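Chemist: One structure follows; several queries about it will come next.
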Amino acid sequence: MQRFSSIWFKIGIGVALIVVAAVLPLLAINIPGILPGPTYTPGTLSMLAYAMLIAALALSYHLLFGVGGMLSFGHALFFAAGAYGLAVMMRLLAPQVPESAVFLIAIILTLGLAVAVGNLVGALALRVTGISFAMVTLAFAQAFNVLVRRNTGGLTGGEEGVTVPVNFLPDALVGVLNTRNLYWLALAILVIAYLVCVWVQNSRLGHVLAATRENELRVRVLGLRPYTVRLFVFAVAGVLAAVAGIGFVLLQSGATPRITIADFTLTLLVIVVLGGVGYRWGAIVGGIVYTILDQRLSALASSGWIQSLPDVLRIPLSEPLFILGMLFVLVVMFAPGGIAGLAKTLTTRSAKGVRTMDVKASANGQ
Amino acid sequence: MSTILLLLITGVGLGALYFLVASGLSLIYGLMGVLNFAHGSFLTLAGFLGWEVGRRVSDGTWAGLLIGMLVGIATGAIAAAITELVFIRKLYNRHIEQVLVTVGLGLATVALFEGIWGSDPIRIAKPAWLGQTTNILGANIPNDRWLLIGCAALVLGLIVLFLKKTKYGLIIRAGVENRTMVTALGIDVRRAFTIVFAIGGAAAGLGGVLASVYYGQVAAHQGTSLLIYAFIVTVIGGLGSLSGAAIAAVLVAVIQQFANFYLGGTGDLAVVLALAAVLLVKPTGLLGKKTTH
């Protein structure tokens, strides 16, 4: 009975959060210092939508790293494949198919591409494990980065990147006034990513995956095949990342090679660890907190009082990535559970005496 | 013929640069199981400090360059030793966390360098001879390649001497082979960790100053972009193998030069394909042993 109500309680909180997030564009909430303006303004909505897409991407990385223990340094590849895929497909399809169908067919083809690339890269990379796996994924992402920057086939636009051909998009997704539609789209993508994570983690496959992370040999001895399970999850995470990439390219009406570089994947790693490895909502909170911090720290850097500081303080404080990087180092060293881990410690401590301490073994490989 | 010779020697020169970065990475991984993402930052910092000191003493002369190199070596060694003592040692035996800390340090320090020296590359002056070429059998070889090859060969020789002839070298070699056994014999391997980090940092620091000579500029992202190639070299050569790193460095750089020239600038792609091929055929790399980490 206790367990039953606890599940409904969690679902209730989840639904309530989604409803609150969904009505934000209709309200005028202003949080100075965190949001750039009231919540109905396109600028704020665009930032929040970006944060939610990064959160969705972080969830897909959580599936790989947090659940599957696969330390990939090439996850940006799939995000970029979604973003570049949609823009390039739309350009290629435009002369061939009816105008109204271009968008839909391009999305289907991009998803198909993501499935294919996910399986191909996964099939090759998963033949090795550990650091070598990380290096192979890094190498594939690097190869994609080179292809994109070279303006392969005159399609990827080199350093300038690609733009989405606006006249083939549904009207509801075009223009500053329709930013709220893009915001809702981003929210939908985040919810989908979350539900897919729940589904995978609670399935038998998810249990085998977690078991493989903890002790691969034992899983093999039980007669199960870690490779197949890992490959499936690698492909699922790839497709989820591509979906987030599609949302990204629509939101920004284009993509640049910035999203294909290794640093972008490292940022994802930072987000997942900051939020708490192994916690779904940790990945979401990490993604949103990171994005907002990144944006607000940049704004803070150009503010007057920082500019008037002596160089020793001004230079580190005006580099958001320096602050975030050091914050990350501190979290890894002193709070290995990240934000979610800290929250869990606090709630467990307050509930001490009522229940027995439920100390979850930290979800990091060791 | 002269084109092939030119590509071959410039390839070896670039390989020398890769080796300076990869040797430290490989030693550190072999002994401690840490893939050091902050290694590129040691290189960049040494490049910047070496340039700052060198140009103040005597800009664009051999004396300035030599002092720059010494400053670079010292900077790399000190930065690496501090990283090991302050960050890595606290996370002893937790490999994933150690990698994560170096990732964070790498990101943070590059941002810091951008803040101090700006994000645009800075052109540097070098001794006139290094900008000229030497004619060997009809091929005009840029002279800075000789400097790179000479330095890398010297570093390789010194590291091998250190590993074979000194007490700590012995401990490090034994530790790479079987760390548990070394610890069980009552030897404190932690001092060896710091030494390995310092040696790797010194090599990377020298690499940083030489990279600025090679590219003719210093930039905040110089280390990071070299680091990716160094990773590839380390993995192809076999993690933990110094000779593997040396062979792979030359191999990777030569492949890169040839593909760039004959296959329309696809050098980067060829390197990645080489990595994928090697890992699929021999996952431990060319000279790697079975990893126990």
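Chemist: Report B:Cys151's accessible area, 1.4 Å probe, all protein chains in place, as a number in Å² to the nearest 10.
Modeler: Counting only protein heavy atoms, B:Cys151 exposes about 20 Å² to solvent.
Chemist: Beyond 15 Å, what share of the Cα-Cα pairs of segment A:175-255 remains, rounded to the nearest whole percent?
Modeler: The calculated P(r) of segment A:175-255 puts 64 percent of pairs beyond 15 Å.
Chemist: What residues in segment A:248-291 lose 30 Å² or more of accessible surface when the other protein chains are added to their chain alone (1.4 Å probe)?
Modeler: A:Asp263, A:Leu266
Chemist: Shape call for segment B:1-104 from the C-alpha gyration tensor, a ≥ b ≥ c root eigenvalues: rounded (a/c under 1.5), prolate (a/b greater than b/c) or oblate?
Modeler: oblate
Chemist: For segment A:41-350, what are Rg and Dmax over the alpha carbons, in angstrom?
Modeler: Cα-based Rg and Dmax for segment A:41-350 come out at 20.0, 66 Å.
Chemist: Further, regarding this structure: For segment B:160-165, what does the Karplus curve 6.51 cos²θ - 1.76 cosθ + 1.60, with θ = phi - 60°, yield as ³J(HN,Hα) per residue in whole Hz, taken in order and with x for Gly and Pro?
Modeler: After applying 6.51 cos²θ - 1.76 cosθ + 1.60, I find 4, 4, 4, 5, 8, 10 Hz.
Chemist: Sticking with this one: Just check the protein assembly as shown against the gyration tensor rule for me: Cα atoms, a ≥ b ≥ c as the square roots of the eigenvalues, rounded for a/c under 1.5, and otherwise prolate or oblate depending on whether a/b exceeds b/c.
Modeler: Because a/c hits 1.5 or more and a/b exceeds b/c, the protein assembly as shown counts as prolate.
Chemist: Would you mind working out the magnitude of the charge dipole of chain B relative to its Cα centre, with +1 at each Lys and Arg C-beta and -1 at each Asp and Glu C-beta, to the nearest 20 Debye?
Modeler: Dipole size: approximately 840 debye.
Chemist: List for segment A:99-131: residues with 10 Å² or greater reduction in accessible area, all protein chains versus chain alone, probe 1.4 Å?
Modeler: Listed in order, they are A:Leu124, A:Arg127, A:Val128, A:Ile131.
Chemist: Using only the Cα atoms of segment B:2-227, what do you get for the radius of gyration and for Dmax, in Å?
Modeler: Considering segment B:2-227 through its Cα atoms, Rg and Dmax are 18.2, 59 Å.
Chemist: What residues qualify as long-range amide H neighbours of A:Gly254, i.e. H under 5 Å apart, gap of 5 or more or another chain, H built at 1.01 Å from N?
Modeler: It is A:Val164, by chain and number.
Chemist: Taking +1 at the Cβ of each Lys and Arg and -1 at the Cβ of each Asp and Glu, which of A:Met90, A:Thr228, A:Ile246 sits farthest along the dipole of segment A:41-350 towards its positive end, judged by Cα position relative to the Cα centre?
Modeler: A:Thr228
Chemist: Any idea how far the Cα center of segment B:117-138 sits from the one of segment B:226-293, in Å?
Modeler: Here the answer is 26 Å between Cα centres.
Chemist: Sticking with this one: Chain pair A, B: how much accessible area is buried, both chains summed, with a 1.4 Å probe, in Å² to 100?
Modeler: Buried surface at the A/B interface: approximately 3400 Å².
Chemist: Let me ask something additional. Two decimals is fine: what's Rg over Rh for segment B:145-293, C-alpha atoms, Kirkwood radius as Rh?
Modeler: That ratio equals 1.00.
Chemist: With a 1.4 Å probe and all protein chains kept in place, how much accessible area does B:Phe261 have, in Å² rounded to the nearest 10?
Modeler: We get 120 Å² for B:Phe261.
Chemist: Of all accessible surface on segment B:20-154 at a 1.4 Å probe, what whole percent is carbon and sulfur?
Modeler: Ligands and nucleic acids excluded, carbon and sulfur reach 67 percent.
Chemist: Here is a further query. Shielding by partners for B:272-278, please: the mean number of other protein chain Cβ atoms within 10 Å of each residue's Cβ.
Modeler: So the per-residue partner count for this stretch is 4.
Chemist: For segment A:41-350, with all protein chains present and a 1.4 Å probe, just round the carbon and sulfur fraction of the accessible area to a whole percent.
Modeler: Heavy-atom surface of segment A:41-350 belonging to carbon and sulfur, 1.4 Å probe: 66 percent.
Chemist: At a 1.4 Å probe radius, which order do B:His221, A:His75, A:His207 fall into by accessible area, largest first?
Modeler: Descending order: A:His207, B:His221, A:His75.
Chemist: Given a 1.4 Å probe and heavy atoms of the protein chains only, how would you sort A:Met52, A:Met326, largest accessible area at the top?
Modeler: The most accessible residue leads, giving A:Met326, A:Met52.
Chemist: Could you report segment B:2-227's accessible area per residue, 1.4 Å probe, as an integer in Å²?
Modeler: Solvent-accessible surface per residue comes out at 38 Å².
Chemist: Here's a follow-up. With every protein chain kept in the model, how would you rank B:Ser119, B:Ser212 by accessible area, 1.4 Å probe, largest at the top?
Modeler: Largest accessible area first, the list is B:Ser119, B:Ser212.
Chemist: For chain A, modelled as a Gaussian network with Cα springs under 10 Å, which listed residue fluctuates most, A:Trp199, A:Trp305, A:Trp281?
Modeler: Top of the fluctuation ranking is A:Trp305.
Chemist: Shifting gears a bit: What residue among B:Thr44, B:Thr194, B:Thr180 shows peak mean-square fluctuation when chain B is described by a Gaussian network model with Cα springs under 10 Å?
Modeler: Comparing B:Thr44, B:Thr194, B:Thr180 in the GNM, the peak value goes to B:Thr180.
Chemist: Going by Cα centres, segment B:1-40 and segment A:250-307 are how many Å apart?
Modeler: 32
Chemist: Now, a different point. Could you tell me the accessible area of A:Glu214 in Å² (1.4 Å probe, neighbours in place), rounded to the nearest ten?
Modeler: We get 120 Å² for A:Glu214.
Chemist: Still on this structure, I have one more. Peptide A:322-334: average number of partner chain Cβ atoms within 10 Å per residue?
Modeler: Partner-chain Cβ atoms within 10 Å, mean over residues of A:322-334: 6.
Chemist: ³J(HN,Hα) across segment B:270-278 via Karplus (A = 6.51, B = -1.76, C = 1.60, θ = phi - 60°), whole Hz, x for Gly/Pro?
Modeler: 4, 5, 4, 5, 4, 4, 4, 4, 4
Chemist: What nm value, rounded to one decimal, do you get for the distance between B:Ser2 and B:Asn135 when each label is placed 7 Å out toward the C-beta?
Modeler: 0.7
Chemist: Related question: Give me, ordered by chain and number, the residues 5 or more places off B:Gln217 or on other chains with an amide H under 5 Å from its own placed amide H.
Modeler: The answer is B:Ile124.
Chemist: Considering only protein heavy atoms, what per residue accessible area in square angstrom results for segment A:41-350 with a 1.4 angstrom probe?
Modeler: 41
Chemist: What list of ³J(HN,Hα) couplings, whole Hz, do you get for segment A:222-227 from phi and the Karplus terms 6.51, -1.76, 1.60, once you set θ to phi - 60° and write x for glycine and proline?
Modeler: Once rounded to whole Hz, the list reads 6, x, 9, 10, x, 4.
Chemist: Give me the angle, in degrees from 0 to 90, between the Cα long axis of helix B:2-32 and the longest principal axis of the Cα atoms of chain B, rounded to the nearest 10.
Modeler: In chain B, helix B:2-32 runs at an angle near 20 degrees to the longest axis.
Chemist: Let me ask something additional. Under a Cβ-only charge scheme (Lys and Arg +1, Asp and Glu -1), can you give me the dipole magnitude of the protein assembly as shown about the Cα centre, in debye to the nearest 20?
Modeler: In total the dipole reaches around 2000 debye.
Chemist: Can you list residues whose amide H is under 5 Å from B:Thr134's amide H, if they're 5+ apart or on another chain and H is modeled 1.01 Å from N?
Modeler: So B:Thr134 has HN proximity to B:Ile141, B:Asn143.
Chemist: What is the spin-label model distance, in nm, from A:Val198 to A:Ser253 if the labels are put 7 Å beyond Cα along the C-beta direction?
Modeler: About 3.6 nm, to one decimal.
Chemist: Gap in Å between the Cα centre of segment A:59-77 and the Cα centre of segment A:180-239?
Modeler: Distance between centres, Cα-based: 10 Å.
The values are calculated or read from the model by the stated rules, or taken from the named source; none is laboratory data. Keep in mind it's a predicted model, so treat the numbers as computed, not measured. We place every Cβ from the backbone using ideal geometry, glycine too, and count neighbours over all the protein chains shown. These accessible areas exclude ligands, DNA and RNA; they are computed on the full protein's heavy atoms, side chains included. Shrake-Rupley method; radii C 1.70, N 1.55, O 1.52, S 1.80 Å.
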